[in-house]
1. Filter the stretch 174-195 for residues that are in a loop (DSSP other than H, G, I, E, B), hydrophobic (A, V, I, L, M, F, W, C) and at pLDDT below 80 and give the result.
2. If we keep just the residues of the stretch 206-220 that are of a type in the set (Val, Ile, Thr) and under 18 Å from Gly75 (Cβ atoms), which is modelled with the lowest pLDDT?
3. Only residues that are of a type in the set (Asp, Glu) and surrounded by 19 or more Cβ atoms within 10 Å (Cβ to Cβ): list them for the stretch 330-357, please.
4. State all residues of the stretch 249-280 that are more than 25 Å from Phe347 (Cβ to Cβ), open to solvent by less than 10 Å² (accessible area, probe 1.4 Å) and modelled with pLDDT of 80 or more; if no residue qualifies, say none.
5. Can you go through Ala307, Ala362 and tell me which one is part of a loop (DSSP other than H, G, I, E, B), open to solvent by less than 10 Å² (accessible area, probe 1.4 Å) and modelled with pLDDT under 90?
6. Specify which of the listed residues (Ser41, Ser59) is modelled with pLDDT of 95 or more and either open to solvent by less than 50 Å² (accessible area, probe 1.4 Å) or assigned to a helix (DSSP H, G or I) (or both).
7. Quick one: which of Ala127, Ala157, Ala120 is modelled with pLDDT under 75 and touching a helix residue (DSSP H, G or I) at 6+ places or on another chain (Cβ under 6 Å)?
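The values are calculated or read from the model by the stated rules, or taken from the named source; none is laboratory data. Note that this is a predicted model, so its numbers are computed, not measured. Here Cβ is always computed from backbone atoms with ideal geometry, including for glycine, and neighbour counts include all displayed protein chains. Note: areas computed on protein heavy atoms with side chains; ligands, DNA, RNA excluded. Shrake-Rupley method; radii C 1.70, N 1.55, O 1.52, S 1.80 Å.
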Amino acid sequence: MLCRPTTRFRGAPTGFTLVELLVVIAIIGVLVGLLLPAVQSAREAGRRAKCSSNLKQISLGVLSLESASRQFPPGIGDIRWRNQYIANGMSGTSSDSNWWYFGCLPRVMPFCEETALYDAICVKAVAGWGGSSSATDNPMRQQPKILQCPSDGGFGASGNGVLGDTNYHCNRGDVYAAKNTGGTWRGPFGMGAISNTPFTVQDFMTSGRMTDGTSKTIMFAEAAVGVNGDKRIRSGLASDIAWPAVTSAGPSPNASLCMAELAGDVYANSVTNKSDGNKGQRWYDGTAGFCGFYAVLPPNSAACTRASGSSSLDTSVGSNAAVVAMTASSYHPGGVTVAMCDGSVRFVNETIDAGDPNQTPAVNFKGTSVFGVWGAMGSARGADTYRDQ
């Protein structure tokens with residue numbers, strides 16, 4: 001009897017063929033390509049929400065301060081700090097002028113859950129305490145988280161690594177002004193006092209004096225923190241700009257001189273690398289280079305200074321004025337977040353109408369802005385009318 005040969009069956013394949021493997025890899029690549037932008041967008045949405053929350057708290061802090069003191073904090077020259085100087089045994093005059101440089105943010109700290117920091121500032125508001133101090137107990141070395149936009153990677157790395165930064169700058173109006181020319185500040189933060197003797201009280205702002213409307217006047221806007229040698233437009237600050245100095249009576253410099261420094265996404269010429277810090281460093285300092293901005297050039301455009309070499313970023317009156325044309329900026333795609341004077345927060349597109357940078361603005365509180373909708377939002381009492389964009 002013949003035996004039939006047994007039929008041998010091959011087992012099922014145990015792996016992918018090369019073609020199948022390539023198809024799977026291609027599908028995974030497509031899915032990652034589709035999901036990654038969505039993940040990045042969700043993360044940025046979270047960062048932007050946190051930034052808006054910070055600005056909301058700061059703006060409400062200013063309004064709470066106004067309710068308590070019947071005025072907005074001055075942008076510089078706040079006599080509250082002069083009185084603190086006197087309480088600490090100093091004269092409070094020009095010989096002890098450190099008090100004069102305090103900006104609007106220190107006064108707001110108690111209303112932003114930073115009472116301990118505010119108390120420390122009051123204790124240290126004495127002669128010998130200076131903006132460049134590196135003493136370990138200097139409260140200005142602290143970095144309040146409420147002043148940080150999470151989208152800005154330069155925060156905390158602005159220069160000398162000692163003094164604290166801020167991403168939120170007070171609105172000094174639709175005009176470039178020297179720090180001693182209080183009459184040219186068209187924003188909601190006026191000048192409290194002249195630093196030189198005789199002591200003279202200047203201008204204080206209230207919600208009631210904002211005739212353009214608190215809902216249509218910017219209180220704070222973002223500004224990306226500068227880092228040494230940074231030529232990026234949003235965080236850099238072009239230096240050595242050849243324009244006339246601002247004087248107590250003269251007009252602002254031509255804003256188009258700032259725009260001429262641009263070369264694509266960076267500045268073509270030198271950028272600030274100053275001995276006293278960079279853009280946004282010194283969160284407590286009221287001078288424009290550190291915590292102010294001007295609603296002249298649109299958000300995320302050029303910012304520049306007349307200063308050269310290691311000159312100060314402070315603005316001052318006279319032929320040697322280191323004029324700082326600070327512009328609002330951020331690393332949020334497409335624009336900046338701003339807080340309005342009624343406590344509301346909104347996002348302003350970088351394509352907002354900002355008029356003609358060749359225009360010469362008014363140098364008094366009255367008069368319609370020549371810098372479009374953006375300039376009108378920067379003016380507190382210029383009789384501006386506009387539709388939100």
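1. Ala177, Ala178, Trp185
2. Only one residue fits best here, namely Thr206.
3. Selection gives Glu350 alone.
4. The answer is Tyr267, and nothing else.
5. The unique qualifying residue is Ala307.
6. Ser59
7. It is Ala127.
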